[in-house]
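The values are calculated or read from the model by the stated rules, or taken from the named source; none is laboratory data. What you see is a predicted model, and the numbers here were worked out from it, not measured in a lab. Here the Cβ is made from the backbone with ideal geometry for all residues, glycine too, and neighbour counts use every protein chain on show.
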Amino acid sequence: MYPVITASVPLLEPPNWAIAQRELFALLDHAWRRFEHDFTGPDGQLRYHSGLTSRDGVDDFYETFFNWPQLYLLGGADELLSASEWHWEGVTRQLAGLGMLQDEYERGYDWFHQGESLQLFYFLCMAAPDRWAERALRFAELYVDPAYGNYDPGRRIIRRPHNGSDPSREGLFDGGSYPWLPEEARMYGFPLDWVLPPGADEPERDRDPRLGEQMHRRMAVGDTAVNLAASGLVLNALILSGKERYRDWIVEYVGAWRKRAAANGGILPDNVAPDGTVGGLLEGRWYGGHYGWSWPHGWYSVGQAATIAALAAVTATGDESFLDLVRPALDEVISHGKIMAFTDADSSLQSRWVAQLGEDVHALTLHVPLRYADRGWFDYNPMLMAVPTALWHHTAAPADRDRIDRLRAADSHDWRTVRAFRSKEEAGHEEPWLAFLAGDNPEYPERILAAAQAQVRHRLARMERYRDREVSEEDIHLWQQSNPVVTEALVQLTWGGPQVIYNGGLQQARVRYYDAQARRPGLPPSVAALVSAIEPEATTVELVNLDPEASRSVIVQAGAFAEHTIRSVRHTVCTDPSWIGGLYDYGHREPVVTSASTQADGPWLEVDLPPSSRIGLTLRLDLHDRPPSYRTPFDRPSHQPRTPER
C-alpha cells in the first residue's frame, strides 16, 4: 500500500530536542494520571457537588480534557484514549443531570462556547472514528436538518444566537436581564451601547435596557457571525461519512455569509435579522450582533469563527476562494494598526498579554483593534497570530506568508523569545515557531520543550494546592487552570502544524504518524520527530529512534486527514559501515551520509528505524489533492486523488 524506507544513519549523539521531547511525553503521562486521580471520580465525572444557575458552564467541563485525545494522537499512552472517552461519557451524564444537555448535546448556547465544548469531541472522532461517528452525524443533523429548528434554508441563516438540541430554549438568558458581572462590564463594556442617550446616567444592572429588553429584541434572534463555527461540526460529519448533504450545507451556509461580506466591502458583518437582512434589528448596523464586532470580543471571536468556516468550505470543495471570507477583514484590522506600548492600550485581554509579552508590555510595537462600534475601531491589542498562521499553513501562498513577514517587521518585540505560559487556547507561541520555520530561531525546539515542561510542572504544583478544594460554581475554571496536559509544542514540532483554532476548529498538520507495530496513531515509544521546514516545495522531517535495542516502525501520513499526497521523498542514508572503525580504535569515525530518493505517490510512507538510528526526510507533497478522511493506513486502500476546484 505504501513504500517502506529503512533508516541507516547511526544515532551517536542524540540531539537535545529528541531527548527533551521524549522526556516531555513521559512527564505528561504522569501528569494526566495524577489529574484523573485528584479531580475525577470512578464514574469519569469531575468532582463537583454544586448546581449551575446560568446557561454558561458546559464548555468549562469538557474543556478540562480537550487535549487529552490530542496527546494520544501525538503518541501518548494507550490508556489515554479510553480515559478521554470515559471522561467525555462521565461529564456528559453529569451535565445532563445538571439540566445543561438534551440528547447528549448543548441545549442552546452561543458558538463561541459551543466550539470550546466540542474540541474534546472532535479529537475523539479523530482518534476513534468508528466509535464516535454515530454521535457526530447526529449532532451535525441538528443544523443540517431544518426540522430541528436551528436552520432556515430559505434565508440561509441559523435562526438564533443560542442554538442547539432544545428548540424551546429562546433568548440569551433566563430572567429579566443578561447576567453581566461588574468585572465583565469593566473589561468589555455593554452591548448596544448606543441605546442609552449620550450623557445618560448608568442604569441599575437589572434595569439596564442594554442588558434586558433591548438585548432580547435586537440580539436574541437571527444569525450572528460566530455561528459560522457550526461549520466545523458539519465538516467533521462530512469527513466521517462522505455524505454530500454535509458538503452542500457548508457551501450553502458559508456561501451566504461570504456574499454578505462581499456586499459589505469585503468585511464580514456580524448580524443578520430573521428576515435575512444585515443590520435589520440594529438600525442598519453591520456590527453589534451577539459575540460580534462590538461586544464582547470582536475579531477574537469573529475571526476564529470565520476562519473555521472558510477552511471548512475549502476542505469540503477545494475552492480556495472561500478564504475571502477572512482575508479582507483581517487586512482591514491590520490596516488600522498603531505603534504603542501595551501598557497604553485599551485592551480587554489584559491577563493574556501580560503573560505572553512579559517585559515587552512596555515596548513600542504594533497593536491592532479587535472591535468596532459607532465610535470606530477600538480595543487595541498585539496581533492575535492564530488566524494569519492558519491561513498561511493551509495555503502556503506567498501573499499569506508576506502578511506574516510584514507583521513581524512591524513588531519591535523579538519573535524568537519563548515564554513559559499557558493561555486558555493552550497556544500563543506562534511567533517563535514561525521564526524557527523561517530559519532564524534554531534553538526553538529545545526552548519550547523546556517551556512545556515548566507549564506541566506549574500545573502539577497547582493541582497539589487545590486538589482537596470543594469547587463552587464561581470556580469551575479551576479544572481548566489545573489541567497539566500541554500539546502545543508537540503539535508544532512533530506534526508541523499550529495548535488547533480553539473555538471549534479541526486540526491542521503537514504530517502525522502511526505506530506500525502497535497499529495505532502517534509516534512509537522512544521515537522523536522534528518538522523543521514546511515550505511549499518540501516538508522537512527528522525521525530519531532513541532506543538502543528495539526497532520501531513509523508510518508518516501527509496531512492531518491524509488530504495530501507524498509524491517523493529524499532521505538520508549511510551505507558505509567503516564509521565503526577497528576493534582497537579509541573512537568512531564520522559516518558518511548521502541521500537517496523514493517515489511514494500516496498519503503514507513507512519508515523502519533500527535501534539507535535516525533519518532525515524531505517530502515533496501535493497539498489538498485528496478528500480528507479519518481512515488510517491500516484500513482499505485510499480513494483516488481529486482535482480541487479553483
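Quick notes on this structure:
- Filter pass, Val333 being touching a Leu at 6+ places or on another chain (Cβ under 8 Å) and in contact (Cβ under 8 Å) with a residue 12 or more places away in the chain: yes
- One residue stands out among those in segment 114-125 that are buried (at least 23 other Cβ atoms within 10 Å of the Cβ) and either touching a strand residue (DSSP E or B) at 6+ places or on another chain (Cβ under 8 Å) or of a type in the set (Phe, Trp, Tyr) (or both): the one that is nearest to Tyr148 (Cα to Cα), which is Gln114.
- Pair list, Cβ under 8 Å, 6 or more apart: segment 357-372 residue in a loop (DSSP other than H, G, I, E, B), other residue crowded, with 22+ Cβ neighbours inside 10 Å: Ala363/Phe342
- Checked against (1) surrounded by fewer than 21 Cβ atoms within 10 Å (Cβ to Cβ); (2) within 30 Å of Val254 (Cβ to Cβ), Ala316 meets all criteria but (1).
- Count of residues meeting criterion [farther than 23 Å from Gly292 by Cα and either without any contact (Cβ under 8 Å) to a residue 40 or more places away in the chain or surrounded by 22 or more Cβ atoms within 10 Å (Cβ to Cβ) (or both)] in segment 244-262: 3
- Total residues in segment 195-214, condition touching a Leu at 6+ places or on another chain (Cβ under 9 Å) and surrounded by 13 or more Cβ atoms within 10 Å (Cβ to Cβ): 7
- Positions within segment 355-412 being of a type in the set (Val, Ile, Thr) and within 30 Å of Val511 (Cα to Cα), in sequence order: Val387, Thr389, Thr395, Ile404
- Looking only at segment 181-194, and only at residues there that are in a loop (DSSP other than H, G, I, E, B) and out of contact with any Pro (no Cβ under 9 Å at 6 or more places or on another chain), the one that is farthest from Val272 (Cα to Cα): Leu181
- If you check Asp346, Asp414, Asp374 for being surrounded by fewer than 19 Cβ atoms within 10 Å (Cβ to Cβ), of a type in the set (D, E, K, R) and touching a strand residue (DSSP E or B) at 6+ places or on another chain (Cβ under 9 Å), only one passes: Asp346.
- Residue match in segment 195-203 (condition: more than 30 Å from Gly522 (Cα to Cα), free of Cβ contacts under 8 Å to residues at least 60 places away in the same chain and either outside any loop (DSSP other than H, G, I, E, B) or among the basic types (Lys, Arg) (or both)): no
- Flag for Phe342 being within 17 Å of Ile501 (Cβ to Cβ), over 17 Å from the mean Cα position of the chain (by Cα) and at pLDDT 95 or above: no
- Sole exception among (1) surrounded by fewer than 21 Cβ atoms within 10 Å (Cβ to Cβ); (2) part of a helix (DSSP H, G or I); (3) of a type in the set (A, V, I, L, M) for Ile339, by number: (2)
- Search result, residues across segment 373-392 that are part of a strand (DSSP E or B), out of contact with any helix residue (DSSP H, G or I) (no Cβ under 7 Å at 6 or more places or on another chain) and free of Cβ contacts under 8 Å to residues at least 40 places away in the same chain: Gly376, Phe378
- Subset tally (residues that are surrounded by fewer than 20 Cβ atoms within 10 Å (Cβ to Cβ) and over 27 Å from Val593 (Cβ atoms)) for segment 1-24: 1
- Condition met for Ser347 (under 30 Å from Leu196 (Cβ atoms) and assigned to a loop (DSSP other than H, G, I, E, B)): yes
- Of all the residues in segment 393-420, those that are more than 25 Å from Ile308 (Cα to Cα) and not in a helix (DSSP H, G or I) number 10.
- Residue count for segment 251-288, restricted to those that are among the hydrophobic types (A, V, I, L, M, F, W, C), farther than 15 Å from Val221 by Cα and either at pLDDT below 95 or within 27 Å of the chain's Cα centre (by Cα) (or both): 8
- Selected residue (only one of Arg469, Arg447, Arg510 is under 16 Å from the mean Cα position of the chain (by Cα) and either more than 23 Å from Leu384 (Cα to Cα) or among the charged types (D, E, K, R) (or both)): Arg510
- Qualifying residue in segment 431-450 (condition: in contact with a strand residue (DSSP E or B) (Cβ under 7 Å, 6 or more places away or on another chain), modelled with pLDDT of 95 or more and within 18 Å of Phe25 (Cα to Cα)): yes
- 1 or more residues out of contact with any helix residue (DSSP H, G or I) (no Cβ under 6 Å at 6 or more places or on another chain) and free of Cβ contacts under 8 Å to residues at least 60 places away in the same chain: qualifying helices (runs of 4 or more DSSP H) within segment 30-124: 78-97
- Members of segment 149-177 that are under 24 Å from Arg260 (Cβ atoms), part of a loop (DSSP other than H, G, I, E, B) and touching a strand residue (DSSP E or B) at 6+ places or on another chain (Cβ under 6 Å): Asn150, Arg159, Pro161, His162, Gly164
- From the options Glu426, Glu470, residue that is acidic (Asp, Glu), surrounded by 22 or more Cβ atoms within 10 Å (Cβ to Cβ) and either touching a Cys at 6+ places or on another chain (Cβ under 8 Å) or in a loop (DSSP other than H, G, I, E, B) (or both): Glu426
- Here Glu542 fits the description: farther than 27 Å from Leu118 by Cβ and of a type in the set (Asp, Glu).
- Just one of the listed residues (Gly255, Gly303, Gly288) is among the small types (Gly, Ala, Ser) and outside any helix (DSSP H, G or I), namely Gly288.
- Contacts under 9 angstrom Cβ, first residue in segment 284-310 being over 14 Å from Val333 (Cβ atoms) and surrounded by fewer than 24 Cβ atoms within 10 Å (Cβ to Cβ), partner modelled with pLDDT under 95 and of a type in the set (D, E, K, R), 6 or more apart: Pro296/Glu184
- Among the residues listed as Ala435, Ala450, Ala454, the single one being closer than 17 Å to Gln499 by Cα and of a type in the set (A, V, I, L, M, F, W, C): Ala435
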